[in-house]
Structures are given as structure tokens and as C-alpha cells.
1. Would you please report the Å³ per residue occupied by the convex hull of the alpha carbon atoms in the chain?
2. Computed over the Cα atoms, what is the radius of gyration of region 83-135 divided by 2.2 N^0.38 Å, N being its residue count?
3. Once you place label points 7 Å from the Cα toward the Cβ at W117 and S95, how far apart are they in nm?
4. First compute the accessible area of the chain with a 1.4 Å probe, then give the percent of it belonging to carbon and sulfur atoms.
5. In whole percent, what relative contact order does region 55-136 give with Cα contacts below 8 Å and a gap of six or more residues?
6. Looking at the square roots a ≥ b ≥ c of the eigenvalues of the Cα gyration tensor of region 19-64, which shape do they give, rounded for a/c under 1.5, prolate if a/b is larger than b/c, or oblate?
7. Which distance in Å, rounded to a whole number, links the C-alpha centroids of region 98-136 and region 1-38?
8. Please compute the per residue accessible area over the chain with all protein chains in place, 1.4 Å probe, rounded to a whole number of Å².
Amino acid sequence: MILVTGAGGKTGKAVIKVLVARGAAVRAFVRGAAHEAVLRTIGVREVAAGAMDDAAALSRAVQGTEAIYHICPNVSPHEIAFATVLVAAATATASGRPRLVYHSVLHPQIEAMPHHWNKLLVEEMLLASALDFTIL
């Protein structure tokens, strides 16, 4: 099972379509159940709803996954907080640590662009974590 966060957005749906086309079982993490019908039509097996800063919701969502594709909402000022909760949930999962794929940006080191800079800080967080990860 692959968990896709930010699954209700344009990028999340595109990632899900590719994963499903390759035969992957996908669990979508979205803010609310309103996304469920559309996600089911593109092949999502399970939908988990909750806020990205809700540790309990993310802990439930990561259980039983072999991988997580994390997409933070575009230009979110909460990028670091959301990633902190997700990394903690992935690290603490009882079913083994899933691989985390982080959807970043080109040139995150541009400090004048706060959303890029925040992605760099998340990348550094992943480097310091015990997770197996890929940064895209």
C-alpha cells in the first residue's frame, strides 16, 4: 500500500493515476471526505481524511504502508510543521518504516522564496531522520 498525501490536489491525482496504472494499491490522504468519490473513480483503494498536522490521523494513515508520497499543499506556510508530524508518524509506525518520497522543488536553497526555503528545511529533516527517503 502506498500512501499519497495531498491526494485531492492536481499533483496528488496525477501521481495516483500513474501509481494505479502500474498496479499499485493506493491510500489517499485528504482534508475531507468530499474527495472520496473522485479518488475512488481513479482507482484509490482507501481514503483517509484528516488535517496534515493531525498526528493521530497521520499515524492511522501510515499504518500498513510500504511507501509514502508526500505532497504538501502548494506554497503552504505550514510545510515544516506538516512534515514534522508525518516524519514522526512514519518513524513510529508499528508495521515497519515505509519509504518516504518527498515532493520538493528545484533550487530549494533560494531563501528569498520562503516556500522553497521551507522545502530545504524539510529535506534537512529527512537527512537527519531514520527513514529511507527519496527527494524529488
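The values are calculated or read from the model by the stated rules, or taken from the named source; none is laboratory data. The structure displayed is predicted, hence computed values, not measured ones. Glycine also receives a Cβ, built like all others from the backbone with ideal geometry; neighbour counts cover every protein chain displayed. Side chains included, ligands, DNA and RNA excluded: accessible areas come from the protein's heavy atoms. Shrake-Rupley method; radii C 1.70, N 1.55, O 1.52, S 1.80 Å.
1. Details: hull volume 12.8 nm³, N = 136.
Expressed per residue, the convex hull around the Cα atoms of the chain is 94 Å³.
2. Values: Rg = 11.9 Å, N = 53, 2.2 N^0.38 = 9.9 Å.
So region 83-135 has a normalised radius of gyration of 1.19.
3. For the pair W117/S95, the computed spacing is 3.8 nm.
4. Numbers: 4050 of 6840 Å².
Answer for the chain: carbon and sulfur cover 59 percent of the accessible area.
5. Numbers: 113 pairs, mean separation 28.4, N = 82.
For region 55-136, the relative contact order is 35 percent.
6. Details: a/c = 3.10, a/b = 1.48, b/c = 2.10.
Here region 19-64 falls in the oblate category.
7. 21 Å
8. Heavy-atom accessible area per residue stands at 50 Å².
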